[in-house]
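Presented below is the structure to which this report refers.
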Amino acid sequence: MGGMSYLYNLIFFEPLLNGLALLIKYLPLHDMGLAIIILTVAVRFIIFPFTHKSTVTQIKMKKLEPELREIKNTHKDDSQAQAKKTMELYKRHGINPVAGILTLFIQIPIIFALYKVFLGGAAFDPAHLYSFVTAPEFVSVKFFGLLDMTQKSYIMPVLAALTQFYQMKLALPPIKKQAGENSFKDNLARSMNIQMRYVMPFFIFFIGLKLSSGIALYWTTMNIFAIVHEAIVRRKAEKIYGEPNKNNISSSRGTA
């Protein structure tokens, strides 16, 4: 366990902590809130190739729903044939259905490391700083002189929850009930879709109330980045594949 903790700190926590220390030290006004935003965006750009592929996969799968539904209805009594035809459809359109899971596994340690960094507030443990990095002599904990990043607030949790709701709304559009789709699996999928879109933002809000504004700012920044990314990819996908309700995917290897 000690070895895992050491590797985690070495690969994820310490680089992010030192990055935050350097940003605060050299940014104008030494604004902690601005440093949090820049560091969060920088991390999102580093993992962008993985998140982009996952987003494109989700959009392609959404556009394939009519064909997936047809496969399901045609082979409703043969689960093996249904799985085989589904995988053939994914392969034909260059879709890796596990891309989202792989992206999640990549993001989880980074998210926890960022959370741990921002949880420390204005305190920088010298034991985790590199030899060429010193703790900032002055840290402006008030974001643009207004909101203390080390204290709890209502404003940032509300922003985090609202941006989370909109991001989930883009990523998980409502699953419409189709004729004949009344199985436990179908109902469970619709239930999970609703919970993710409505329960998750409330969860983020209440967590944000218990923690510092800096963590809520980090979460809000991540959501805004994801919203902009999703909107751009969707717009490009519509140019390649056409409007979702008018055409299915016509090109097996189109890239958004």
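General remarks:
- For segment 1-157: rounded, prolate or oblate by the Cα gyration tensor [a/c cutoff 1.5]: prolate
- Fraction in percent of alpha-carbon pairs per bin - 5 Å, segment 1-91: 3, 11, 13, 11, 10, 9, 8, 8, 9, 9, 6, 3, 1, 0
- Semi-axis lengths (Å, descending) of the ellipsoid that matches the C-alpha gyration tensor of segment 102-168: 26, 21, 8
- Cα-Cα over 25 Å, subset of Lys53/Lys85; Lys84/Lys236; Lys25/Lys116; Lys53/Lys91; Lys116/Lys142: Lys84/Lys236
- Residue-normalised accessible area of segment 63-166, expressed per residue, 1.4 Å probe, Å²: 63 Å²
The values are calculated or read from the model by the stated rules, or taken from the named source; none is laboratory data. Given the structure is predicted, the values throughout are model-derived calculations rather than measurements. Calculation scope for accessible area: heavy atoms of the full protein, side chains included, ligands and nucleic acids excluded. Shrake-Rupley method; radii C 1.70, N 1.55, O 1.52, S 1.80 Å.
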